[in-house]
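Single-structure report; data block below.
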Amino acid sequence: MAHVTLTTDVKSFALTSFEISDAAGNEVRIVQTTRPTDNSSTVIGTSLNYLKLKFYSSASSNESIFVWGWSFWPDQMAWVPQLLCSFTMVPNGSTSTVPGVGTVYEMVNATKLTGDVKIYAGVGATSNGGFVLVDTLGCQFVEVVAGGNPSQPVISVLSSGL
């Protein structure tokens, strides 16, 4: 007799970091013939459903975050960007020490600017624990970009596919 077994895979976090560029318009993306990559962003391989993102910043300032989905266009051998969402990250007023990252400000809340993003605020919307859930719409890669800021903080992203 055949058996059907249902399992729930454990989803681990992956950590990446990048420094915000101070160049105006650094968050804009266009169709390109090379796989997406940038020094002032991070590109994450994604699941076909949702991506959980947790943010940390080396500065206590609110940062604009843009999440781009990338899909391959085989007829033209090109990568097509789609803005999945953008939001303003609100960090905690005090620092925390995070393994692999160091002393940083954790995102406690966010304000949606565009697209479809589910915001999960920390306790009371002012304490650590906040994260966002982004629908990847079947994109092959997701790129996280932060808006230009002269202070050039380092943004660290914990990501987990769902």
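Things worth noting here:
- Residue check for GLY124: assigned to a loop (DSSP other than H, G, I, E, B) and more than 22 Å from ILE44 (Cα to Cα): no
- Qualifying residue in the range 135-149 (condition: among the hydroxyl-bearing types (Ser, Thr, Tyr), outside any strand (DSSP E or B) and modelled with pLDDT under 90): no
- Meets criteria (more than 26 Å from ALA125 (Cα to Cα), surrounded by 15 or more Cβ atoms within 10 Å (Cβ to Cβ) and modelled with pLDDT under 95) for SER21: yes
- Residue within the range 139-146 that is on the phi > 0 side of the Ramachandran plot and surrounded by fewer than 17 Cβ atoms within 10 Å (Cβ to Cβ) present: no
- For the range 100-150, a residue qualifies if it is touching a Pro at 6+ places or on another chain (Cβ under 7 Å) and touching a residue at least 40 places away in the same chain (Cβ under 8 Å), and the qualifying residues are TYR105, GLU106, MET107, PHE141, GLU143.
- Pairs meeting the criteria (first residue in the range 31-43 and without any contact (Cβ under 8 Å) to a residue 24 or more places away in the chain, second residue surrounded by 17 or more Cβ atoms within 10 Å (Cβ to Cβ) and assigned to a loop (DSSP other than H, G, I, E, B), beta carbons under 8 Å, at least 6 apart or on different chains) are ASN39/SER21.
- Inside the range 124-133, residues that are surrounded by fewer than 17 Cβ atoms within 10 Å (Cβ to Cβ) and either of a type in the set (S, T, N, Q) or under 12 Å from GLU106 (Cβ atoms) (or both) make up a count of 3.
The values are calculated or read from the model by the stated rules, or taken from the named source; none is laboratory data. Note that the structure is a prediction, hence the values are computed from the model and not measured. Cβ: placed from backbone, ideal geometry, glycine included. Neighbour counts: every protein chain shown.
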